[in-house]
Structures are given as C-alpha cells and as structure tokens.
1. Check whether at least one residue in region 39-50 is under 18 Å from the mean Cα position of the chain (by Cα) and part of a helix (DSSP H, G or I), and report yes or no.
2. Can you go through 110, 96 and tell me which one is of a type in the set (Ser, Thr, Tyr) and under 14 Å from the mean Cα position of the chain (by Cα)?
3. Here's a check for you: in region 60-102, which residue that is hydroxyl-bearing (Ser, Thr, Tyr) and under 14 Å from residue 142 (Cβ atoms) is surrounded by the most Cβ atoms within 10 Å (Cβ to Cβ)?
4. When region 49-59 is examined, which residues are found to be among the hydrophobic types (A, V, I, L, M, F, W, C) and buried (at least 18 other Cβ atoms within 10 Å of the Cβ)?
5. Could you please tell me which pairs satisfy a Cβ distance under 8 Å, a separation of 6+ or placement on different chains, a first residue in region 130-157 that is touching a residue at least 24 places away in the same chain (Cβ under 8 Å) and within 25 Å of residue 84 (Cα to Cα), and a second residue that is of a type in the set (D, E, K, R) and not in a helix (DSSP H, G or I)?
Amino acid sequence: MNLQKTYTVDEAQKKLEHYCAYQERCHKEVTQKLYDMKMIPEARDKIVVHLLQHNFLNEERFAQAYTRGKFRIKKWGKQRIQLELKRRDISKTIITIALKEISDVDYYNTFHALAEKKAETIGETNAQKKRKKLADYLFYRGWESHLVYDKIRELIP
C-alpha cells in the first residue's frame with residue numbers, strides 16, 4: 001500500500017521555500033519537485049508564482065551560482081556548463097550572462113593547470129594513446145577544442 005503524503009498549498013509552499021533557500025534552484029527542479037509531491041497544476045503554478053515574487057526562485061541567480069560552482073569545483077569548461085544549463089531549460093540570454101561569471105584569466109589558468117596535472121597522471125607510454133586520453137578527459141569536461149588541441153601539441157609532442 002502506497003501512502004504518499006499529501007500537502008496543502010500552504011504546506012507545499014513552505015516546503016518549497018526551504019528547498020529554494022537551501023540551494024539555488026531552477027524552474028525545472030521546482031516544478032519537478034511539485035510534480036513529485038503530487039500537486040495539481042493550479043497549485044504548482046500558484047506556488048511557482050509565489051516563489052518568484054518573493055525571490056526564492058530566480059533563474060539568472062541560479063545560472064550564475066551554477067556556473068561559478070561547476071567551474072570552481074568541478075573544473076568544467078564553458079561548453080559543458082552551457083549544455084547542463086540548457087538541459088535545465090535556461091534561456092540563451094541567461095546562459096550568456098551566467099558565463100560572464102568566469103573571468104578569462106581564471107578560465108585559461110584553470111584549463112592549463114587541469115591539462116598539465118592530468119597529463120602527468122596518464123600512465124601511457126604510447127604518445128598517440130596518451131594524447132587521446134588527455135583529449136577525451138578535457139572534452140568530457142567541456143573545454144573548447146582549439147584549447148584542447150593546442151595544449152596537447154604543447155604537452156605531448
């Protein structure tokens with residue numbers, strides 16, 4: 001027997017306020033959470049509007065925080081960040097604003113440090129295989145191909 005807790009609009013609203021206050025959220029995450037709580041469409045809309053009006057929910061703020069975090073902590077490149085934001089239905093305009101959170105100097109310094117550190121740890125003697133492993137690693141993290149290929153030429157002649 002499946003006993004799913006039911007929520008009043010006020011209870012759900014309070015729960016979502018805490019959900020959004022704990023960590024920046026995007027609209028998609030919030031609507032999914034409301035859907036999972038089995039809220040009817042009218043209640044979902046009402047709660048999302050409330051969260052927007054009271055600044056619990058802000059796509060631009062979410063995108064900026066997401067960008068800073070994924071770049072600083074996971075060392076993701078702009079392409080991966082862009083892809084992940086698109087998956088969360090963030091608009092192109094907001095993605096462009098969010099990517100400005102990363103300074104060019106930090107971006108290139110992080111890229112070079114990441115590539116050099118990874119190149120040292122690849123225990124491959126075959127230069128071609130080593131190049132491929134490094135390229136795969138950097139592409140997976142969303143770094144631009146011109147940066148990746150230039151760095152590989154520099155590190156593995």
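Laboratory data are not the source of any read-out in this text; all were calculated from the coordinates shown. Model, not experiment: these values are computed from the prediction. No Cβ is skipped: glycine too gets one built from the backbone with ideal geometry, and neighbour counts run over all protein chains shown.
1. The answer is no; no qualifying residue exists.
2. Residue meeting the stated conditions: 96.
3. Ranking the qualifying residues of region 60-102, first place goes to 67.
4. Selection gives 51, 56, 57.
5. Between residues of region 130-157 that are touching a residue at least 24 places away in the same chain (Cβ under 8 Å) and within 25 Å of residue 84 (Cα to Cα) and residues that are of a type in the set (D, E, K, R) and not in a helix (DSSP H, G or I), the close pairs are 141/74; 141/75.
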